[in-house]
Amino acid sequence: MQLNQSRVANILESLSIKSLNPMQEKGSQAILDKADTLLLAPTGSGKTLAFLLAVEALLDKDVNLVQCLILTPSRELAIQIEQVWKKMQTGFKVSCCYGGHDMQTEIQNLVEPPALLIGTPGRIADHFKRETLSLESIKCLVLDEFDKSLALGFEDEMGFVIGEIPHLSKRVLVSATASIAIPEFTGVRDLYVVDCMNREEEEGQLNLQLVLSATKDKVERLYQLLCYIGNESTIIFCNHRDAVERTSLLLTEKGIANAAFHGGMEQMQREQTLIQFRNGSVQFLVATDLAARGLDIPEIKHVIHYHLPSTQAEFTHRNGRTARMHASGSAYLLMHQEEPMPYYLRESFVPLELPAKLKPPKPAIFATIYINGGKKDKLNKVDIVGFFLQQGKLAKEDLGLIVVKDFNSFVAVKKTKVPAFLKLVEPLKIKGTKYKIVLAK
């Protein structure tokens with residue numbers, strides 16, 4: 001089976017992409033040709049589009065049941081895949097199911113079955129047990145970031161889901177980590193591997209720096225490092241949720257505006273944090289390894305390992321946030337001077353000398369405005385831009401990234417313009433409806 005090049009061209013135009021990269025061409029064709037495929041490629045290389053192109057080619061418009069299931073380890077990754085699929089404008093319905101999402105809404109969405117179902121292992125297993133959808137027509141299964149799903153303890157849920165699908169004929173495993181053992185429950189028999197890791201090229205893109213702290217509590221040294229980096233997008237990785245909260249709070253107390261991101265936060269709060277990080281309202285993100293994979297985060301210039309991970313795989317994924325596909329970036333190892341180097345770092349480092357006098361990072365230029373209306377309320381970007389420019393008296397250059405979701409919207413606006421803008425629009429309506437328009441928290 002060959003990809004329909006005319007159809008591919010239309011999809012790429014919808015995504016504003018000029019052409020597929022070699023991995024996407026090779027990966028999508030292999031998925032079509034082989035029953036069992038393992039796609040290995042670095043973070044940021046476009047694996048999602050590679051497997052979605054193949055999925056689109058496999059779907060049958062005459063079948064009104066779920067035909068393909070995609071399992072992901074996190075809600076954010078599931079939502080991201082759904083967003084890419086919608087932008088592709090395939091004409092096939094998609095539904096997304098994950099923990100923290102209203103179950104009744106999901107059940108209602110499944111009354112008219114989607115051709116593509118995306119979700120986390122636990123929530124999909126729950127739907128299977130509730131028998132909220134027919135499994136008879138599911139022929140294709142994609143396990144995205146499947147190694148992370150295993151690491152997070154989803155083995156039983158994945159095994160149950162796969163075991164319940166009666167007519168599965170195509171399995172696709174996707175990862176940015178090589179040398180992964182394939183569990184028996186996947187049902188993989190004759191695995192075809194598409195390895196596009198480009199290991200030597202990747203290593204050459206990353207600038208590793210060692211920063212030593214004289215004290216075990218490294219917050220003061222972290223503060224100095226952020227002053228050295230300046231106001232450029234940075235992720236600060238910690239190993240545990242409590243450490244993320246504590247570090248974020250201490251940085252705030254030192255006058256460094258930042259946001260926390262970890263799995264213990266409410267889904268809405270996590271989504272809003274990522275939006276603010278993407279649009280530049282937040283420049284420093286303190287996060288667990290949840291932010292190391294799969295999320296729709298733009299190119300990051302700096303990664304700081306406030307805590308070093310226990311495995312080389314997680315170290316690689318964290319660094320992949322900055323050294324993404326032909327890009328370059330810096331990763332900083334923030335360590336106590338007596339802390340031993342982890343086993344996966346055998347090279348010797350000359351510690352980075354920070355200047356004695358440093359100025360705090362300049363604050364972000366943008367702030368995020370929240371609107372409690374979205375696509376389901378018939379609001380779109382054109383409506384929002386028109387309202388902000390005409391009624392809010394803003395110029396085009398005052399606006400940044402605009403994100404319109406189902407029930408709410410987020411707009412980046414230059415901070416200096418926010419007070420006057422909010423005062424102007426407080427009594428006004430958008431398309432005849434009064435919405436709450438406030439500064440996002």
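The values are calculated or read from the model by the stated rules, or taken from the named source; none is laboratory data. For clarity, every value in this text was computed on a predicted model and none was experimentally measured. Cβ: placed from backbone, ideal geometry, glycine included. Neighbour counts: every protein chain shown.
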| Conditions (1) within 22 Å of residue 186 (Cα to Cα); (2) in a helix (DSSP H, G or I): number failed by residue 82 | (1)
| task | Give segment 160-178 a look and list any residue that's touching a helix residue (DSSP H, G or I) at 6+ places or on another chain (Cβ under 9 Å), within 28 Å of residue 45 (Cα to Cα) and not β-branched (Val, Ile, Thr), or say none. | result | 168, 170, 171, 173, 175, 176, 178
| said: Regarding segment 57-70, can at least one residue be identified that is surrounded by 19 or more Cβ atoms within 10 Å (Cβ to Cβ), closer than 21 Å to residue 171 by Cβ, over 23 Å from the mean Cα position of the chain (by Cα) and β-branched (Val, Ile, Thr)? | reply: yes
| Close pairs from segment 349-374: first more than 11 Å from residue 225 (Cα to Cα), partner small (Gly, Ala, Ser) and assigned to a loop (DSSP other than H, G, I, E, B), Cβ under 6 Å, at least 6 apart | 364/280; 364/281; 366/280; 366/281; 367/281; 368/281; 368/440; 370/440
| request: Could you check, for segment 233-240, whether at least one of its residues is surrounded by fewer than 20 Cβ atoms within 10 Å (Cβ to Cβ), out of contact with any Phe, Trp or Tyr (no Cβ under 8 Å at 6 or more places or on another chain) and more than 21 Å from residue 331 (Cβ to Cβ)? | output: no
| Quick one: residue 87 ticks every box in (1) surrounded by fewer than 20 Cβ atoms within 10 Å (Cβ to Cβ); (2) assigned to a helix (DSSP H, G or I); (3) free of Cβ contacts under 8 Å to residues at least 40 places away in the same chain bar one, so which box is it? | (3)
| Residues in segment 252-263: is at least one assigned to a helix (DSSP H, G or I) and within 28 Å of residue 100 (Cβ to Cβ)? | yes
| remark: Selection over segment 328-379 where residues are in contact with an Asp or Glu (Cβ under 8 Å, 6 or more places away or on another chain) and hydroxyl-bearing (Ser, Thr, Tyr) yields a count of 0
| Within segment 5-46, considering residues that are without any contact (Cβ under 8 Å) to a residue 24 or more places away in the chain and polar (S, T, N, Q), the one nearest to residue 291 (Cα to Cα) | 16
| task | For residues that are out of contact with any Lys or Arg (no Cβ under 9 Å at 6 or more places or on another chain) and among the β-branched types (Val, Ile, Thr), scanning just segment 287-321, find the one that is surrounded by the fewest Cβ atoms within 10 Å (Cβ to Cβ). | result | 311
| Would you pick out the residues in segment 305-362 that are closer than 17 Å to residue 235 by Cα and part of a helix (DSSP H, G or I)? | 314, 315, 316, 317, 318, 319
| said: Would you confirm, using the coordinates I've provided, whether residue 116 is in contact with a helix residue (DSSP H, G or I) (Cβ under 9 Å, 6 or more places away or on another chain), closer than 21 Å to residue 51 by Cβ, surrounded by fewer than 22 Cβ atoms within 10 Å (Cβ to Cβ) and in contact (Cβ under 8 Å) with a residue 12 or more places away in the chain? | reply: no
| message | Would you confirm whether or not segment 299-308 contains a residue that is of a type in the set (D, E, K, R), at pLDDT 90 or above and either within 30 Å of residue 417 (Cα to Cα) or touching a Phe, Trp or Tyr at 6+ places or on another chain (Cβ under 8 Å) (or both)? | response | no
| Given (1) crowded, with 18+ Cβ neighbours inside 10 Å; (2) closer than 21 Å to residue 282 by Cβ, number of the condition residue 360 does not satisfy | (1)
| task | Give me a count of the residues in segment 29-47 that are basic (Lys, Arg) and touching a Gly at 6+ places or on another chain (Cβ under 6 Å). | result | 0
